[in-house]
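See structure below.
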Amino acid sequence: MLKDKIGLFYRFWDLPFGNIATASFIIAVLSGVLLALPFDVKNPYESISFFLIVNPSAVFFRNVHYWSAQIFLMFTVLHIVDHLRRKTEYKIKDGVWLRLTVSLLISFYVMLSGFILKADADSQQAFRIFEALLNEIPLIGKSISLTLLGSEGDLQIIYVNHIATATVILSVIIIEHSRIIWPRLSIFTYSLFASIVLGYIFTPMLHDGLHPVVKGPWYFVGLQEILHWISYSQLVILLTFIFMLLFYFIKKFPEQISSYIKKLFAFAGLLYLILTIIGYYFRGENWEFVLPWNNSYKFISDFTPQSGFADIEINDESLQSLKTIMGRKEGCIVCHKMNGFESSHNPEVIGCYSCHRGNAFTLNKNAAHAGMILIPGNLNDAHLTCGTSQCHSDIFSRVNNSIMSTLSGIVSVNRYVFDESNSPTMLNHIKDIKHSDADSHLRNLCASCHLGNEKTDWKMIDELSRGGGCNACHLNYSNEAIQQLNNYLKSPRGMASQKVKVQKSNESKVDFPKIHPQLNLNISDNHCFGCHSRSGRISTNYEGWFETLLAEDELKLFSYARNFDSHPEFISGSEKPKQKLSDISQVQLDNNKKEYRLLTDGRVFQKIQDDVHHKAGMECIDCHIAQEVMGDGNLHKHKEDQVKIQCTDCHSRNINSISYNELDYESKKIIDIRKFMRPGTEFISTKNDNIAFTNSYITETGSTYLITKNKKDSLTIKPPAFVCTEGKSHKRLSCNSCHTQWVSYCVGCHTTYDKNEEGFDLLDNKEIKGSWIESPSDFYVDYPALGVRKNKSGKEIIDTFIPGMIITMENLKSDKNKKIFKRLYAPTFSHTINKNGRSCKSCHNNPLALGYGKGELIYIIIDGKTKRQTELVSASKTLVKSVEIQKRDLPDGSQVRNLNSNYTGRWTFTPHFDAHKEDNLPKDAWIGFLQTRDVSSTTRTNTRPFTVEEQKRILLVGACLTCHDENSKVMKESLVDFEKILKKVSVKCVLPR
Amino acid sequence: MNRKKFLKILFASFAVGFVYLWNRLTESVSASVRNKNQITVPDNFALGVTVTENFIVIKSKEQLKILSSKCTHLGCRITGSVNNIFTCPCHGSQFNVDGEVMSGPAMKQLKMLKFKIDKKKNQITIFI
C-alpha cells in the first residue's frame, strides 16, 4: 500500500490536481473567514503587523490562508495543463468552458487582491500598476478599474470583491465545473496538512517600502519583467485578451491548430517561469542584474521559518508598549527595552526596524534577528537604514557623492604622481580603484579614510576610527552607555562577539547594554580627528599640534613623561568614556618647555600656536555647515570644490543674511533641534548658495554673533581690518595668505614597494602580501608658500601652498626597476589662522613664501664706486642686518633702479637643503630661485607657482622693506597704490632690477 | 423578428444601458476623488533633490521644479534617486532631474507639476 502511495508521486500526472485545487480553495475561503476577524480594512497594514506579533492564532490562519491560496493557484494551473495534455477540453460544454476561461482571470484577481489587501509598500505599487493596466482597456477601462479596485488609499471596494464578489463567482464556477461541493476527504486532509506545514515554516512577510526593490507576488514577477520591456502597456491588455481568446477557442479549432496553440502555451509558460526566476533572484536595486548571493533583497527573509511562533509570552505590559510606528506595530520593543535615545531617533517615533531591519513582525528570536543590521549607518547599507525614503534619503544621496565618500582628489593626485593619469583633477571614486601601482599605494596607505569604510565594531568614535558612514560624525555614547558597552564587551559573550578567543564559561546571564548610543548633532572635533589628523593634518593644525619624527618609544624614554605611565590603557588603544583625548595624551616636558602629544596611532606631535577660532572655543562644525560637509549632491573633483563657506561670509563689511522663513528644511530642522531660534533675528548666510550658518545671528543694529554649536558660547564676529579691504596692492590675496601662521612641511618622502612585506589592504580590509613602505625625510614648521589659484569665476588669487608630494618612488610593484620622482606643491587651507596676519617681510623677503624653500634670501647692495657690497636682509628673520662684505665682484646684469644712484641691488638665495639629484632644486623647493615651473608642478590644474615677473615684483617690495619699516608711512601708502609710490622713489632707494 | 431575436436585442439594449449607467456612476465617484488633488506644504525644500511620496522637488539657486513622482509607464511611485537619476522601482524606467526619460519602458517624461508659492505664509501649494 505504501508502495502504491509512493508510486503515486512517480506518476505525477495521475495526481488529482483539480481536487487539490478545489480543496485548497475551500481551505482558503474558510481560513479567510477567520482571518477577517483580526483584519481591519481601514488600517490593514497596522492590523496585520499587530496580529503578526501578538496573535499566533491569527498568524496560523493567515499562513494557512496564504499557502492554501498559492496551492489553489498552482494546482489550478497544473489541472489545466493536465487536461489540455489529455485533450479533455472537448468534453466540456461551450458555456462552461467560457465561464472557466473567465474564471482564470477571476482566480488571478482573487490572488492579486489578496496581495494588495496587506497594504504594504509592494501592495500599494501593485495596486497602481493594476489600476493603470485596467485603465488601458478601451471605453470601459476606468469603470472596470474603479469597480474592481476602488480608489487608491481606500481598500474597501477591493476587500468586498476579494471576500465576496470574486469568491462567490469563483465558487459557483468551480462547483459547476467539478460538479462536486466537497472534495475527497483524503485530498482535503492532505491539502490542509500541506497548507499548515508550509505556514508553520514560512510566514509571508510585510514589505515596508524601506527597501528600494519592489517585487510583486511571485506569479506576477514574470509579468513585471515583461512590463520592463514593454513601453506600450496596452500591449499587455491586448496580449492577455488574445491569450484568453486562444484559450477559449482551443476546443473549437481543428485539432492540429489546437496542438500548435497548446505548444505555444507551453513555450510561453516555460519562458514565464524563467522570467520569474530571473526577476526574483537576479534583479537587484535600480533594476540592476545581480547574482542571488549579492542581492540585498533577501528572498529568504520573505519567508522566515517559524516567525509566526513566538519564543516569549506577551503580557499586558508588552501590549501597552506596542505603539503604532510609521503605520505599523513592531515587536522588537517587547524584548529590547532600551533607553538613552535622543528625540529624533526615539523608537516610539521611528521604531527599531527603521534602523536595524530584521523582522519586526515576530516575537520569534531567530526570525526577528534574521537579516538584521547591527550597526546601521554604514554607507553600504545606509539606503536600507538612515537613507530610506521615509528618513534621510535626500541626505544619503548627497553623502554618497560627497568628497569624503569618493576621495576623488586623493585618487586623482595619486594616479597623477604615479604617471597613471594625465591630470591631477579627474572625477574618481575610491571604491572603483584597482590594483595598479598608484591604486595599490592608496589601498596600502590611505584608503581607510573614507565614509564608505564599514564600521564593524561598536566602539565610540576615536582617533583610530575610520569611516562608518553616518556614524563617523553622528555617533555618540553617553558615559553610561559606553560603560555598559565596555562591561558587555569584557563579558565572554561580548568577547565572542568581537571574535576574541575566550574560554568556555558557564555564565548564562549576559548584561546586554540597556542604554543605546545616540545619533545626534553633537559632532565634536574628535569625530573629525581620526581622518583629518592625517595628510593635510587639518585637525592637529587647528588644535595647534605639528607632527614630529619622534617615535613613540623615544617619547616614553623621557623620565618625566609620567602621564603616559598613568594612562597605559590609552596608549594601548582602548578608550575611556567621555575622556578628552587631549587630556591624557598631552605631556609637558620640563627640560626644554616643549609640549608633546602622543596619538593613539603612535605619532608624536609638538605643541605650537593653535588656530584663533580654536582659541575662541570653536569646533569644526561651528564653521562647516551641514550642506557643505555632507555634500550638495554633486560629484566634486577636489575637496575645495565642495566647500561652500569662505572667510568673508562672516568677516566682511558686506554680509549676506537670510531670515528663518526663507530657510530650507534642513537648516530649519537643525535650528529646531539645537534650539537656536532667536525671534526677529536673521542668520548669516554663505555667499555661495545663500545657505544659513544656523548658529549665527545678526541683530537689528547689524552686530553679528556666532554661537558655538556644542558649548553654546556666544562669540562676537569681527569685521576685517582696514588693511585687508582697502587698497589695490593686496586685492588678489586670499585671507589665509596673510592669516595662516604656520604650516607643516613634509619633504623628501621616499617610498618603495616590498613584495615580501606583510601588508594590509585598507579598502578591502584584508591582509595582503606585499606592501608599500614610506619613509619621511624632514618635517618642519614655517609660513606657507604662496602661489596662484584660479577660482571658479576664473579670477586668479594668491593662496597658500605646502609640499603636496615631494616624493621619490622606487622599486615599483609593476616594475622594480622603475623610479619616479615628483615635486608637487598643493594648495592648502591649513586651519592655523591667527588674528594679526603675517608681517610684510614674511612674504616679500621670505624664500619659503616665494616657493624657493627654506634658506637665506639676501638683498645685496653694491656700491658702484667702491665696489663694496652690503647684505641687507635676513629673509625669514625679522631683524635686518647690515654687514659689509669686502672684495666681491660686481654681478653682471645688476642695475640701479634710480638712475642717479651709484648703487645697484640684487637678491641672492642660499638654500637650507641640498639640491636634489633628480632636479637640482633644494629638497623643499617648489621652484628655483627667480625661476618658475608650470601647472604640472602642482596637484591641481588651476594652480601655479609665481611667474618670474611676479617674483620680481614681490621682491621689489621686499627690497623696500629692507630699509623701510613695514609700519612706516611709505609702506602703508604702498598698500593703497604701489605704482604711485614707485614713481616718486627717492635717490637713496636702491631697487633690484 | 422572432421572440428569441427580440429578447436578444432587448438584452443587448439593457447591457448598453447598464454600461452607460455604470460609466456615469464611476465618473461621478472619480470626480469626487479628483477634487482632493492639491497639497500645501511649507516652502522650505533644501537645495538639490527631495523625493516625497507624491512629488519630487528639484531646487537650485536659479529655479524650483516640481515633478510628479508617478512613473509615466504604469503609475508606480518613484521613491528615491541615485546620482540625480530617478529609477522607477517597479519596471526600471529612469528619469533625469528634468523629468526626461533616460531609459524605458516609460516613454513620457515625468509630469511637471504646477505650484503656487504663498510668500506670506511661506507655503507652497502643489497641484498633483
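The values are calculated or read from the model by the stated rules, or taken from the named source; none is laboratory data. Not measured: the values here are computed from a predicted model. Please note: Cβ atoms are built from the backbone with ideal geometry, for glycine as well, and neighbour counts cover all protein chains shown.
Are any of the residues in the stretch A:348-370 within 14 Å of chain B (Cβ to nearest Cβ) and touching a residue at least 40 places away in the same chain (Cβ under 8 Å)? Checked against the condition, which is being within 14 Å of chain B (Cβ to nearest Cβ) and touching a residue at least 40 places away in the same chain (Cβ under 8 Å), the stretch A:348-370 yields no hits at all.
Residue check: A:PRO891 meets all listed conditions (1) at pLDDT below 90; (2) part of a loop (DSSP other than H, G, I, E, B); (3) buried (at least 18 other Cβ atoms within 10 Å of the Cβ) but one, namely (3). Determine whether A:GLN642 is at negative phi, surrounded by fewer than 21 Cβ atoms within 10 Å (Cβ to Cβ) and not charged (D, E, K, R). So A:GLN642 does not fit the description; no.
Working only within the stretch A:931-953, note down all residues that are over 17 Å from A:THR425 (Cβ atoms) and either in contact with a Leu (Cβ under 8 Å, 6 or more places away or on another chain) or acidic (Asp, Glu) (or both). Hits for the stretch A:931-953 are A:PHE946, A:VAL948, A:GLU949, A:GLU950, A:GLN951, A:LYS952. Name the pairs: first residue in the stretch A:163-181 and on the phi < 0 side of the Ramachandran plot and part of a helix (DSSP H, G or I), second residue among the aromatic types (Phe, Trp, Tyr) and at pLDDT 90 or above, Cβ to Cβ under 6 Å, at least 6 apart or on different chains? Listed by first residue and then by second, the contacts come to A:ALA166/A:TYR109.
Out of all the residues in the stretch A:212-240, which are in contact with a Phe, Trp or Tyr (Cβ under 6 Å, 6 or more places away or on another chain) and either surrounded by 21 or more Cβ atoms within 10 Å (Cβ to Cβ) or not hydrophobic (A, V, I, L, M, F, W, C) (or both)? Within the stretch A:212-240, A:PRO217, A:GLY222 meet the criteria.
Quick check: anything in the stretch A:651-658 farther than 23 Å from B:VAL41 by Cβ, within 11 Å of chain B (Cβ to nearest Cβ) and out of contact with any His (no Cβ under 8 Å at 6 or more places or on another chain)?
Restricting attention to the stretch A:651-658, the residues satisfying the condition of being farther than 23 Å from B:VAL41 by Cβ are A:651-657.
Now restrict to residues that are within 11 Å of chain B (Cβ to nearest Cβ): none.
No; the residues of the stretch A:651-658 include none that is farther than 23 Å from B:VAL41 by Cβ, within 11 Å of chain B (Cβ to nearest Cβ) and out of contact with any His (no Cβ under 8 Å at 6 or more places or on another chain).
Filtering A:SER974, A:SER968, A:SER986 for residues that are farther than 22 Å from A:PHE801 by Cβ and buried (at least 17 other Cβ atoms within 10 Å of the Cβ) leaves a single hit, A:SER974.
Number of residues in the stretch A:718-751 that are under 25 Å from A:ILE671 (Cα atoms) and crowded, with 18+ Cβ neighbours inside 10 Å: the value is 0.
When the residues of the stretch A:659-675 are filtered to those that are touching a residue at least 24 places away in the same chain (Cβ under 8 Å) and part of a loop (DSSP other than H, G, I, E, B), which remaining residue is nearest to the other protein chains (Cβ to nearest Cβ)?
Once the filter is applied, the top-ranked residue is A:ASP664.
Do you know which residues across the stretch A:681-716 are more than 14 Å from chain B (Cβ to nearest Cβ), assigned to a loop (DSSP other than H, G, I, E, B) and in contact (Cβ under 8 Å) with a residue 40 or more places away in the chain? Walk me through how you get there before you give the answer.
Within the stretch A:681-716, the first condition is being more than 14 Å from chain B (Cβ to nearest Cβ), and the residues that meet it are A:681-682, A:684, A:693, A:695-716.
Cutting the leftovers down to assigned to a loop (DSSP other than H, G, I, E, B) gives us A:681, A:693, A:695, A:699-703, A:708-713.
Within the stretch A:681-716, A:PHE693, A:ASN695, A:THR708, A:LYS709, A:ASN710, A:LYS711, A:ASP713 meet the criteria.
Screening A:PHE361 with (1) more than 22 Å from B:CYS88 (Cα to Cα); (2) in contact with a Cys (Cβ under 8 Å, 6 or more places away or on another chain); (3) not basic (Lys, Arg) gives one miss only, at (2).
Here is a check on your reading of the model: is A:ILE116 among the β-branched types (Val, Ile, Thr) and in contact with a Cys (Cβ under 9 Å, 6 or more places away or on another chain)?
Details: among the β-branched types (Val, Ile, Thr): yes; in contact with a Cys (Cβ under 9 Å, 6 or more places away or on another chain): no.
It is false that A:ILE116 is among the β-branched types (Val, Ile, Thr) and in contact with a Cys (Cβ under 9 Å, 6 or more places away or on another chain).
Candidates are the residues of the stretch B:55-112 that are touching a strand residue (DSSP E or B) at 6+ places or on another chain (Cβ under 7 Å) and among the small types (Gly, Ala, Ser); the one that is surrounded by the fewest Cβ atoms within 10 Å (Cβ to Cβ) is B:SER103.
Please determine whether any residue of the stretch A:64-76 is in contact with an Asp or Glu (Cβ under 7 Å, 6 or more places away or on another chain), in contact (Cβ under 8 Å) with a residue 12 or more places away in the chain and not aliphatic (A, V, I, L, M). Among the residues of the stretch A:64-76, not one is in contact with an Asp or Glu (Cβ under 7 Å, 6 or more places away or on another chain), in contact (Cβ under 8 Å) with a residue 12 or more places away in the chain and not aliphatic (A, V, I, L, M), which makes the answer no.
Residues in the stretch A:389-441 that are surrounded by fewer than 23 Cβ atoms within 10 Å (Cβ to Cβ), basic (Lys, Arg) and away from chain B (no Cβ under 14 Å): 1 in all.
It is to be established whether one or more residues within the stretch A:268-280 are within 14 Å of another protein chain (Cβ to nearest Cβ) and closer than 28 Å to A:ASP94 by Cα.
No, the stretch A:268-280 contains no residue that is within 14 Å of another protein chain (Cβ to nearest Cβ) and closer than 28 Å to A:ASP94 by Cα.
For B:SER60, are the conditions met, namely being of a type outside the set (D, E, K, R) and either in contact with a Lys or Arg (Cβ under 8 Å, 6 or more places away or on another chain) or not assigned by TED's automatic domain parsing to the domain that holds B:ILE85 (or both)? In short, no. Candidates in the stretch A:304-338 are the residues that are buried (at least 16 other Cβ atoms within 10 Å of the Cβ) and under 30 Å from B:ILE78 (Cα atoms); of these, the one that is modelled with the lowest pLDDT is A:THR304.
Residues A:GLU136, A:GLU176, A:GLU152: which one is of a type in the set (D, E, K, R), closer than 30 Å to A:LEU84 by Cβ and within 14 Å of chain B (Cβ to nearest Cβ)? Even if it seems obvious, please write down each step before you answer.
Working: A:GLU176 fails: within 14 Å of chain B (Cβ to nearest Cβ); A:GLU152 fails: closer than 30 Å to A:LEU84 by Cβ.
After ruling out the rest, the residue left standing is A:GLU136.
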